[in-house]
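The values are calculated or read from the model by the stated rules, or taken from the named source; none is laboratory data. Values in this document were obtained by computation on a predicted structure and should not be read as measured data. Cβ: placed from backbone, ideal geometry, glycine included. Neighbour counts: every protein chain shown. Ligands, DNA and RNA are excluded from the accessible area calculation, which covers all protein heavy atoms including side chains. Shrake-Rupley method; radii C 1.70, N 1.55, O 1.52, S 1.80 Å.
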Amino acid sequence: MDEEHTAGYKEPCAVCAAVDWGISDEGRFYCRSCHNVIERTKEVVDPNFNPGNSRVTAMGRGSRTKRPERGRQWVLCEGFQFILRSQADALVRLGVSPRFKDEVLCELWRSFLQKSRQAYASNPVRPTSVGGPGSDVDSDGAAESTANSSETDGDSCNQSIAGSSSNWSEFSGSLDAVSYLSGSMRTSRQSLLSMKRTLALIHVALVWSREPLTLSDLLRLVNDGHVPYVNAHQELPDEMKLRGKDALLFRVQSIPSHRVVHRDAQALILLLQLPVFPPISRQSLLHPSLLSLRYLMDANLPDELHPWVCRLMERAGMADQTLYTFHLEGCPSLPRYDVQTAALIIVTMKLLFGLDDRTEWELSHQACDQDATGTMFSLRRWFRVVQAALTRAQQRRNQEVAGKQWAAQKLLHPDSQKTSVVLKTKRVTEQVQVCFEKLSGRPVSARRGDPSSFRFFWGDGDSADGPSLHQKKLDGVLTLKDGVPTPSNSTYWHPALSASQMCSRLYSDVEATLPRTFVWLLQLFCFLLDVRPAYLFQEVLKVETRVVNGNSRKRSRKTKTKT
């Protein structure tokens, strides 16, 4: 189709001297050889045009040169603020309480700006250099504008922190991107915001609000595109131009891990010197007593396992709400609610089934022999059902990762001199994407369905991942002793639990020595939480240490009582 419209234009390209013209989606001529775009456009025939009733009355003789794009001066904390606001709005649309944004996140953001002396301070940090030509506003004025504009409105998440509408100029980039990346700022790196730290601040606000959204849930929403992160800079207003060093701060090439975001959240709490968090009681959905119900459902484990998880928490001394309520003196580390709950379930499974590659299969065989009504839980059947669903889910995730689009519609590049290269790369990428869509028959950019707290759907129907085993009984692995149900398994294995050995030995070193059933269960919950096995394994060792120490203290108390 392009040849019909470009046949009459035989001028060679000014860049590569080739005569091979195409027409872009915007109707402009471009060279197919070097992708150089020229001013010539496709002629459009107006069907309503009547030559007899129209005539030229005037002809403009203005300049045909393209006007420079105009922007305004801004600082990086203003850009991060827009991104935080878009992330918070997305969470509110997904069902999070508006109080999380209006009362908690905004206050934390104000406190961060004050502690880092970017605003709300008598001596705010000032940009060391101006990021572009044509700017006649000094750094003192920019910092003063930052503080003043923030004080004009109580809701700092709904207004611009720096700059004003009068600061329009032919401007390139933010004012303080160079100072953010300079060596002089490395010593105070913990007080600077980054894209990863926006998620850490969101996580801290969610915990303070006691929202039933764990860190793994947040990262899953980010990975699925329900919460802006990968191309969050597209949420910035058009007048905030991203140029030069801004690309190094706002460009995202991967989703941060659970460990990284949790570490940054811990650092932010220490920087802000926050008071005691609202208590996470046993009625809170973040407490393992209730959070374990959700993970048991997602793993298709029987409901009767939940009381045993709660008994293990009591035995390990992990039911107290002070262990899950952050405060600098009693609980100086931000709890990892999701990872701790998964570790509790794994340890409970070890207590009941052994998970030593022998005991669990013997118990399953006994349960099948005793099960005349088909109501007993069989670990062998559960393994087959879940393993099939897990394999399909991992394949779907690998396909989604392969088809994930990291390129943004809004171009972001570190050097304005490389604009033509970036445009050419973008055009080639779009053409390859179109070809891939035609070959696969599935749009690469197709978004996933509505977000869910569960990875799997167990039940009847074609859409289910497998039959539900939630109502199965644990009678096959329990025996009555003095009228009290007791696990039939009387042995419990565990690796070395000393602090020095736990820290020095890597999971990769001990994985080959661990029972395969235990490793598979570990990998199942790693898939549910999207964490690494070594990360969850360390938490399992901590829970086992608390269980062993709790039993030792009880035995010592009994011995003292007898004496």
With the crude spin-label approximation of a point 7 Å out along Cα→Cβ, what separation in nm comes out for Val484 versus His327? 3.3 nm
At a 1.4 Å probe radius, which order do Tyr507, Tyr120 fall into by accessible area, largest first? Tyr120, Tyr507
Packing rank of 487-496, 276-285, where each peptide gets the mean count of other beta carbons within 10 Å, highest leading: 276-285, 487-496
For the range 209-222, 3J(HN,Hα) per residue [Karplus equation, 6.51 cos²θ - 1.76 cosθ + 1.60, θ = phi - 60°, Hz, x = Gly/Pro]: 6, 6, 6, x, 10, 7, 5, 5, 5, 4, 5, 5, 4, 5
So between Arg358 and Asp475, what do we pick up on full extension, going 0.36 nm a residue minus the alpha carbon distance? 40.2 nm
Would you mind checking the pairs Lys245/Lys426; Lys196/Lys350; Lys350/Lys472; Lys241/Lys438; Lys101/Lys245 and listing those with alpha carbons more than 24 angstrom apart? Lys196/Lys350; Lys241/Lys438; Lys101/Lys245
Phi to ³J(HN,Hα) by Karplus 6.51 cos²θ - 1.76 cosθ + 1.60 over the range 95-102, Hz, x for Gly, Pro: x, 5, 4, x, 4, 4, 7, 6
Place the peptides 87-99, 195-207 in order of packing, highest mean first, counting for every residue the other Cβ atoms within 10 Å and averaging per peptide. 195-207, 87-99
Starting from the residue with the highest accessible area, list Asp371, Asp475 in decreasing order, probe 1.4 Å. Asp475, Asp371
Show me, for the range 243-254, the HN-Hα J-couplings you get by feeding each phi into the Karplus relation (A = 6.51, B = -1.76, C = 1.60, θ = phi - 60°), rounded to Hz, glycine and proline as x. 9, x, 5, 4, 4, 6, 9, 9, 7, 10, 10, 6
Potential extension, Glu430-Ser33 segment - 0.36 nm per residue separation minus Cα distance: 141.3 nm
Quick one: compute the contact order of the range 199-295, relative version, from alpha carbon pairs under 8 angstrom and 6+ residues apart, as a percent. 41 percent
Using 1/(1 + (r/R0)^6) with R0 = 51 angstrom and r between the beta carbons of Ala18 and Glu400, what's the FRET efficiency to the nearest 0.05? 0.80
